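The values are calculated or read from the model by the stated rules, or taken from the named source; none is laboratory data. Predicted model, so just to flag it, every value in this text is computed and none were measured. Neighbour counts are summed over all protein chains in view; Cβ atoms, including those assigned to glycine, are modelled from backbone coordinates with ideal geometry.
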Amino acid sequence: MILELKNVVVNDPRSNEVIVHGSSFIVRKNTCLSIVGESGSGKSMTTKAILGLTNPWLKISGTAKYKGKNLIGLKQSELRKIRGKNICMIPQYAMTSFDPLYTIGYQMIETFVENLGISKEESKKLAIESLDKMLINNPEEVIKKYPHQLSGGMLQRCMIAIAIAMKPDIIIADEPTTALDSINQREVVEEFKRLRDVTGTSLIFISHDLGVVQSLADDILVMKNGECVEYGTAKKIFENPQHEYTKYLIDTRVSLTESFIKAMEKGDTDDVCAG
């Protein structure tokens, strides 16, 4: 076990609103915990609370033990030493994660120099290698680009490349495949799998896409309205969901998949008739 959350609560004292109601889970070494649920369910807020990335007026309680140290309430100076090097977070909106005033290469190199203690030349080489691993064409040219010159999907892959290059103990990926098409989604998921095999990195994978979750997750936490409604192995939850909301999510995915298959089959028939 590399991370253990116990009864983590996030509330807003300004409105007395409880945003996360006592989240608890564990992350084991070289495994993937996937957190699923609709928008506003508290998925991202839970992981931000772990790293001290919530708004300063929110109150966080509970424990989040990483290698025996409670991250909740830790000074920002100490958290900064852990963020990036030991625990990396890939945010959902990559466009706002990069500084628009600097090139992608400059920001990647700065990150590697700061966190890995390597030279700028070594960092540039690592940046190009990392982008190449993400199957990005002409990485030597991409590092010269400014964020506004790249698509949201491309920026997301650059963020994933940075996280992978850092080889942290844990990667928190917040909807990392949302801006990607299905082919690129599959490639990114395969890269995460390879990363686990090679480095032993653990993943906390936040996603709405149960197809991606099913192919990657070892354990699943289902959240609704800030509450953890179901938690267990991926196999158990997909084969025998206990909570009505979990059943709804899985049934909806099955229904959408069946509709897609029927539409494709109809398209094939229409093409034959047209011929």
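In the stretch 110-127, the qualifying residues are those that are in contact (Cβ under 8 Å) with a residue 24 or more places away in the chain and hydrophobic (A, V, I, L, M, F, W, C), and the one that is nearest to residue 138 (Cα to Cα) is 127.
Cβ-Cβ below 7 Å, separation at least six or inter-chain, first residue in the stretch 81-96 and at positive phi, second in a loop (DSSP other than H, G, I, E, B): which pairs? If the second residue must be in a loop (DSSP other than H, G, I, E, B), no pairs are left. Among the candidates 98, 25, the residue that is within 28 Å of residue 152 (Cα to Cα), over 15 Å from the mean Cα position of the chain (by Cα) and not aliphatic (A, V, I, L, M) is uniquely 98. Of note, residue 119 does not satisfy the criterion of being modelled with pLDDT of 85 or more, buried (at least 22 other Cβ atoms within 10 Å of the Cβ) and touching a helix residue (DSSP H, G or I) at 6+ places or on another chain (Cβ under 9 Å).
How do the pairs read when you match residues in the stretch 230-250 that are at negative phi with residues anywhere that are of a type in the set (Ser, Thr, Tyr) and assigned to a helix (DSSP H, G or I), using Cβ under 7 Å and keeping only pairs 6 or more apart or on different chains? Taking only residues 6 or more apart or on different chains, the pairs are 230/246; 237/246. Residue 131 satisfies every condition listed in (1) more than 30 Å from residue 4 (Cβ to Cβ); (2) touching a Cys at 6+ places or on another chain (Cβ under 9 Å); (3) touching a residue at least 60 places away in the same chain (Cβ under 8 Å) except (3). Residue 180: at pLDDT below 95, in contact with a helix residue (DSSP H, G or I) (Cβ under 8 Å, 6 or more places away or on another chain), more than 26 Å from residue 106 (Cβ to Cβ) and of a type outside the set (D, E, K, R), yes or no? Considered against the rule, which asks whether it is at pLDDT below 95, in contact with a helix residue (DSSP H, G or I) (Cβ under 8 Å, 6 or more places away or on another chain), more than 26 Å from residue 106 (Cβ to Cβ) and of a type outside the set (D, E, K, R), residue 180 comes out as no.
Please specify each residue of the stretch 1-54 satisfying the condition of being crowded, with 20+ Cβ neighbours inside 10 Å, part of a strand (DSSP E or B) and out of contact with any helix residue (DSSP H, G or I) (no Cβ under 9 Å at 6 or more places or on another chain). Matches in the stretch 1-54: 27, 33.
For the stretch 137-234, please list each of the strands (runs of 3 or more DSSP E) lying entirely inside it that holds at least 1 residues being touching a Lys or Arg at 6+ places or on another chain (Cβ under 7 Å) and not aliphatic (A, V, I, L, M). Full working, then the answer.
Numbers: elements: 170-174, 202-206, 219-224, 227-233.
Strands (runs of 3 or more DSSP E) meeting the threshold: 202-206.
In the stretch 216-248, which residues are surrounded by 16 or more Cβ atoms within 10 Å (Cβ to Cβ) and more than 20 Å from residue 20 (Cα to Cα)? Answer for the stretch 216-248, where residues must be surrounded by 16 or more Cβ atoms within 10 Å (Cβ to Cβ) and more than 20 Å from residue 20 (Cα to Cα): 216, 217, 218, 234, 237, 238, 241. Screening residue 63 against (1) in a helix (DSSP H, G or I); (2) touching a strand residue (DSSP E or B) at 6+ places or on another chain (Cβ under 7 Å) leaves a single unmet condition, (1).
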